[in-house]
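Q: Got a structure for you, questions after.
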Amino acid sequence: MAIDATPRNAAHLLRRAAWGGRPDEILQVVDVGIEAAVDALLDPSQAPVVGEPVRFGGIEPYSPVEFESWFVRLAATSPTPAIERLAWFWSGHFATGIEKVEFVDLMHRQLVMLRRLGLGRFDDLLKAVTRDAAMNIWLDLNLSTVGNPNENFARELMELFSMGIDNGYTQSDVVNAARALTGYQLTDHEGTGRVVGTTLHAALHDHGLKTLFGETGPFDGDDVVDMITNRRECHEFIARRMWHRYAGTSPAAQVVSTLANAFGARLSIDDLLRTMLTLPQFYDDDVQAGLVSQPLESIVRVVRGFDLPVYDAEALSIEEADETTGPNQMPPWIIESWGETMGQRLASPPNVAGWPHNAAWLDSNRAAGRLVAGIEMGHAVAEYESPALERLWSSIGDGARLTAELMAGMGVVEWTAETESAIAAAAGSHTVDDPYQSLVAAFAVAFTSPEVTLA
Amino acid sequence: MTIPSPHPLPGTDQRATMSRRRFLRIGGAAAITGAAAVAGVAAADRLRRLDEGASATDVAYAPRADVNPTDLILVSVQLTGGLDFLNTVVPLDSGRYRDLRGAGAEDQATLLPLDRQYGFHQSLPTLSQAWADGELAIVHGVGLSNSTLSHFADTDTWARGRLDVGDGTGWLGRSLDALAADVDPLIGVSIGGLSPSMYGPGWGAVALPDDGRLPWSAEFVEENPGIVAAYQGLLGVSGRPGAPMSLAEQVRGSQQLVRDVADTVGGATDLERAAAAMELFEDEDEGEEEGEEPSSERLIGNRLSLVADLINGGLPTRAYHVVHGDFDTHAEQAASFPLLLGDLDQAIASFRTKLGANASRVVIATWTEFGRRPDWNGNGTDHGTAGTQFVLGPSVVGGHHGEPPPMNRFDDEANFLITGDFRDYLGGLTSGVLGVDPNHAAPGTTRPMELIRA
């Protein structure tokens, strides 16, 4: 059954699969239909090539400010925003924190890896995560050796990454998986002490027999991944996680079953995502109203929607970017500042389970942070050169046009009457004496509205 | 790491003299003095007295009229990650302990002896003194009968106060809800994010930033009248985070909550109040370097300091929630554990000093999702089951509560046996401190612990 490519459904698809769509992009989905639009969104052939952190991985220090600017700029300008959105999904799924990892270039490498493998086979992805240097540090995997297995990674591998809490594995499976996963060690670059990856050291690996899911053998880490990803619990868990973060609601059993079947056949993440985005239930009213936009997603939505000029972290150092800050380029710290204010930094999830979901973003503390960030973003939108700037300025004083411009930039196709009157109240409050403040106020009110707070 | 200080964007401040930091500080200060305003101390009067040379601390706060000054206040301290109780309350002269912990065993000579059986980790002098004063309860062996050894499942169970899924409310939220027919959201304050333990039926408690800095200061209002006007237009929309209603309603509710909290705590419209507040808080900001951020461990000190300000400010709040961690010491426990305990201990000492006379009203109670494995893993400890909790305050029934888990008999997964039901702990805590039926906190509690003196 084809899904109606109404403007509402088209905007919903672009807000969830990507970071929101401008009016021309929404109309394009309406024209070609949902299925063809999903094909285009998930076509990796147009994705920009992103490599190792060349400039960053050298001798220059690399800060979280640069890392976040790099990713937000990539996400906002990419011709394949759904590929970037998927990398962000995996970075939340495999939540890793810079506080413990310490090397930002390792976080960069991890994100590049997740982006490269994110649409492929899940077992390949999981094996790469097991070898990832940042993950090794984060969950103590490189400290787990024969005779002294550390359960941290083995437990989270099953609980958080592949099967779900208490879902088809036992404590004994965790202990045995920990033994199978022993022996990974960090490697550095030509003896410099700069961590660049991991290798498996045979002498530190437990070669003995392990019993996992009732089978016994001299298993290693890749065997553990293969055994896990062959299980139905894994297929259902990954289907649920993807629905959780893209749809937001509790999926019906039949939805989980459909998605798990699509995924389990070839362990293809592409199959899973494509099936989900073309499922009629994905466009149900409760799903359309069922997900709170995470702060970083909101930032990318605004940067993309209003063409805000984020500096190019691959080309410029922070010092250079600071010097070239002007009407055509925002200051280098600005992305980080917005994220900090709203409580989300790219490489700093609150714990190994990743970012909060839905209502946890709506308490009075978060709501206040969103308001402050909305004001700061409103200043940026009103200040920096962009194609939207002229249109916005010229719409001040014309309530209908201003709300239309804000909708266009925020990927919304309809406001509720409450929000529309709140925007009008904000916009009308300064018109005579200070149009600049009117614009900022209208922007901030729109940004904190349910229409934009919800993804 | 030094984070570059954001310079103000054009237009954020037409007077061009106010840094962002200062802007935020006024916001935070207003949050605190708002409490004083509620307490009925006129801003003008405080200003006058400050002008006359009175020190900030002389400008004392009187309690709010509807606050009973003898009501006990619960400060819930969540020790995230799973506290290793065995290296916190250490058995004395125990060969069995040394066998289990090997290289990870605490040196007996460094312990602070509690009695003939146990000694505290050396990083806990404040708790040790409280024990000697009879103001500390050590509650042994508390855990979940359905533990999965997962941080998240077990933390959720603790926050719910029940083994079953329930209705999404938390143990503190339900207990606070039982205190009044029409609950003021300020009855519960969560520092940082809103703890799910404070989700009430149909409402959510207030969450404040770690530093108490709300945006809704007098300066904020002055600079953003358009937004204030627009938010006024949203009045009358119900909904609170954590309440069982649609997300869109909850967004509206959170917008209104920001406004409500600002009105009550922040004092949105009185410029004088903000000015007075700046003076009041000048001392505290001294010595704080631009761009310097406290480590995550040190944050417990900031959080409890803010709680002390709010209590001293006479808020109607009966329960606060703060977090401290991360106690998930799988690796390098020998290095991190003393810091984690020491920061907690110092934070509690400073907190009680700052509270002054109000310390008599405060009960500090810890909870942690589980303890850790008896065996040392070579570098730290993996997830366990039974945990030890601490309750501290002048009204606490000091001493050992419950039975320590046996040291020589473990469960099927080589973990300590649970000897106390977490529901009896939470039920006893809330009935003792808040005076409500323990079944609100913990449906099904059978023997609520007697932790608070009647």
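No value in this document is a laboratory result; all are computed from the given coordinates. Keep in mind that this is a model prediction, so the values were computed, not measured. When we count neighbours, we look across all protein chains shown, and the Cβ atoms used for this are built from the backbone with ideal geometry, even at glycine.
Q: Give me the one-decimal nm value for the distance between modelled label points at B:D115 and A:D31, 7 Å along each residue's Cα-to-Cβ direction.
A: In this crude label model, B:D115 to A:D31 measures out at 8.1 nm.
Q: Okay, next question. Compute the distance in nm between two label points, each set 7 Å from the Cα along the Cα-to-Cβ direction, one at B:N358 and one at B:E332.
A: My value for the distance between the label points is 3.7 nm.
Q: For segment A:298-455, what mean projected area does the convex hull of the alpha carbons give, in nm²?
A: 10.1 nm²
Q: At a Förster radius of 22 Å, what calculated FRET efficiency corresponds to the Cβ-Cβ distance of A:T216 and A:D124, to the nearest 0.05?
A: 0.30
Q: Something else: Convex hull over the Cα atoms of segment B:320-396, averaged projected area in nm²?
A: Dividing the Cα hull surface by four gives the mean projection, 5.6 nm².
Q: Show log10 I(q)/I(0) for segment B:315-454 at q = 0.10, 0.18, 0.20 Å⁻¹, two decimals, from a solvent-free Debye sum over equal Cα scatterers.
A: At q = 0.10, 0.18, 0.20 Å⁻¹ the computed log10 ratios are -0.41, -1.20, -1.33.
Q: While we're looking at this one, here's another question. If I take the Cα coordinates of segment A:333-373 and project them onto the principal axes, what are the three extents in Å, biggest first?
A: For segment A:333-373, the Cα spread along each principal axis is 26, 23, 11 Å.
Q: What fraction, in whole percent, of alpha-carbon pairs in chain A exceed 42 Å separation?
A: 18 percent
Q: Enter the mean number of other protein chain beta carbons within 10 Å of the beta carbon of each residue in B:151-162, as an integer.
A: 2
Q: Under 4 °C and 1.567 mPa s, how fast does segment A:124-281 diffuse according to Stokes-Einstein, given a Kirkwood radius computed over C-alpha pairs? Answer in µm²/s, whole number.
A: D, rounded to a whole number, is 78 µm²/s.
Q: May I pose another question? Compute the semi-axes of the equivalent ellipsoid of segment B:396-454, taking the square root of 5 times each eigenvalue of the Cα gyration tensor, and list them largest first in whole Å.
A: 26, 14, 6
Q: Follow-up. For segment A:151-215, what log10 I(q)/I(0) values come out of the Debye formula at q = 0.17, 0.20, 0.26 1/Å, with one point per alpha carbon and no solvent?
A: -0.68, -0.82, -1.06
Q: Could you compute the FRET efficiency for A:R401 and A:E319, with r as their C-beta to C-beta distance and R0 at 51 Å, rounded to 0.05?
A: Computed FRET efficiency for A:R401 and A:E319 comes out at 0.80.
Q: So if I average 1/r over every pair of distinct C-alpha atoms in segment A:6-165 and take the inverse, what Kirkwood radius in Å does that give?
A: Kirkwood radius, segment A:6-165: 17.4 Å.
Q: Using a basic spin-label model with each label point 7 Å from the Cα along Cα→Cβ, how many nm lie between B:D99 and A:D39?
A: Result for the modelled spin labels: 7.0 nm.
Q: So, with +1 on the Cβ of K and R and -1 on the Cβ of D and E, and no other charges, what is the size of the charge dipole of segment A:28-136 about its Cα centre, to the nearest 20 debye?
A: In debye, rounded to 20, segment A:28-136 gives about 220.
Q: Could you give me the ³J(HN,Hα) list for segment B:95-104, computed from phi with Karplus coefficients 6.51, -1.76, 1.60 and θ = phi - 60°, whole Hz, x at Gly and Pro?
A: x, 5, 4, 5, 5, 5, 8, x, 5, x
Q: Based on the alpha-carbon gyration tensor of segment A:289-374, what equivalent-ellipsoid semi-axes (square roots of 5 times the eigenvalues) come out, in whole Å, largest first?
A: In descending order, the three semi-axes are 27, 14, 11 Å.
Q: Using θ = phi - 60° and the Karplus relation 6.51 cos²θ - 1.76 cosθ + 1.60, list the HN-Hα couplings for segment A:316-323 in order, rounded to whole Hz, with x at every Gly or Pro.
A: Once θ is set to phi - 60°, the couplings for segment A:316-323 become 10, 6, 4, 4, 5, 5, 4, 6 Hz.
Q: At 27 Å minimum axial length over the Cα atoms and a Kyte-Doolittle cut of 0.0, report the qualifying DSSP H helices in chain A, or say none.
A: In chain A, the long hydrophobic H runs are A:364-383.
Q: Helix-derived [θ] at 222 nm for chain A: sum -39500 (n - 2.57) over DSSP H runs of at least 4, divide by residue count, nearest 500?
A: Here the helix-only value at 222 nm equals -16500 deg cm²/dmol.
Q: For chain A, give the magnitude of the charge dipole about the Cα centre (Cβ charges: +1 Lys/Arg, -1 Asp/Glu; no others), in debye to the nearest 20.
A: Computed about the Cα centre, the dipole is about 960 debye.
Q: State log₁₀ I(q)/I(0) for segment B:64-158 at q = 0.12, 0.13, 0.16, 0.21 Å⁻¹ as given by the Debye formula over alpha-carbon point scatterers of equal weight, solvent excluded.
A: Computed log10 I(q)/I(0) values: -0.56, -0.64, -0.87, -1.15.
Q: Please sort by residue number the GluC sites (Glu not before Pro) in segment A:321-426 whose DSSP state is loop and whose Cβ has at most 16 other Cβ atoms within 10 Å.
A: A:E385, A:E414
Q: With r as the distance between the Cβ atoms of A:D286 and A:A417 and R0 = 22 Å, compute the FRET efficiency 1/(1 + (r/R0)^6) and round to 0.05.
A: 0.55
Q: Tell me the net charge near A:T403. Cut-off is 14 Å between Cβ atoms, A:T403 excluded, with +1 for each Lys or Arg and -1 for each Asp or Glu.
A: Around A:T403, the surrounding residues sum to -4.
Q: Distances longer than 11 Å among the Cα atoms of segment A:1-47: what percent of all pairs is that?
A: 63 percent
Q: For A:A202 and A:E385, calculate 0.36 nm times their separation in residues minus their Cα-Cα distance, and state this gained length in nm to one decimal.
A: 60.2 nm
Q: Can you give the Rg/Rh ratio of segment A:342-426, where Rg is from the C-alpha atoms and Rh is the Kirkwood radius?
A: Rounded to two decimals, Rg over Rh is 1.04.
Q: Once you have the Kirkwood Rh of segment B:127-175 from its Cα pairs, apply Stokes-Einstein at 20 °C and 1.002 mPa s and quote D in µm²/s.
A: Value of D from the Cα-based Kirkwood radius: 166 µm²/s.
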